[in-house]
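Enquirer: First the structure, which I've put down as structure tokens, then a few questions once you've had a look.
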Amino acid sequence: MTAVTVETATSTHNPLDMLEEIVVANEWAFERSSDEEMIVEINGRWCDYRLFFLWQTEVSAMQFSCQFDMKVPAARRAQVNELLAEVNAKMWLGHFDVDPDECTPMFRQTTLLRGARAASVEQLEDLVDIALSECERYYPAFQFVIWGGKTAQEAVTAAILDTVGEA
């Protein structure tokens, strides 16, 4: 199989520069260790989240992950893998994974920007908003499996139970 390549004169601006402006405007704690990496900490409803942004100039792609403040014990790893399959089947954008080094659940997505001069503010806001929404939505499912001893199906059913009406 051959790769399709076309040389273009258009270079994509680093989206982390614009992302830093969004982070500062929201007064989120962050660290920008290099031009290509940024770590942001955000308080969520269920836990604190650590957002990692990695810009790869050579492929004009930004890798993004939103890590839970939660560890997966070795004894529950198989059940969490079943949960990942259940949850990821319901995802339209991004996916959940477990960091192999830290054993922490995370939402991950890569955004390709080749051919675009820059990411828009709306794209970056949506990226973070979708990640946080999905993390908040499925955090209880991870808790049910890890600490509650529930099956993946039971955990997903309980976590996405939508309430109807008002009390």
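Derivation of every value follows stated rules applied to the coordinates shown; laboratory data play no part. Predicted model, so just to flag it, every value in this text is computed and none were measured. Reconstructed Cβ throughout: ideal geometry from the backbone, glycine too, with neighbour counts over all protein chains shown.
Enquirer: Where does the Debye-calculated log10 I(q)/I(0) of the stretch 15-159 sit at q = 0.16, 0.20 Å⁻¹, using only Cα point scatterers of equal weight, no solvent?
Expert: Values returned for q = 0.16, 0.20 Å⁻¹ are -0.85, -1.19.
Enquirer: What is the local net charge at VAL72, summed over the other residues whose Cβ is closer than 13 Å to its Cβ (Lys, Arg +1; Asp, Glu -1)?
Expert: -3
Enquirer: In degrees, nearest 10, range 0 to 90: what is the angle between the Cα axis of helix 77-88 and the longest Cα principal axis of the chain?
Expert: 60
Enquirer: Would you mind ranking TRP28, TRP46, TRP92, TRP147 by Cβ crowding within 10 Å, fewest neighbours first?
Expert: Result, fewest neighbours first: TRP92, TRP147, TRP28, TRP46.
Enquirer: Report the Cα centroid-to-centroid distance between the stretch 58-107 and the stretch 20-57 in angstrom, as an integer.
Expert: Taking the Cα centre of each part, the stretch 58-107 and the stretch 20-57 sit 18 Å apart.
Enquirer: Once the other residues with Cβ under 15 Å from the Cβ of ALA89 are scored (Lys, Arg +1; Asp, Glu -1), what is the net sum?
Expert: In short, -2.
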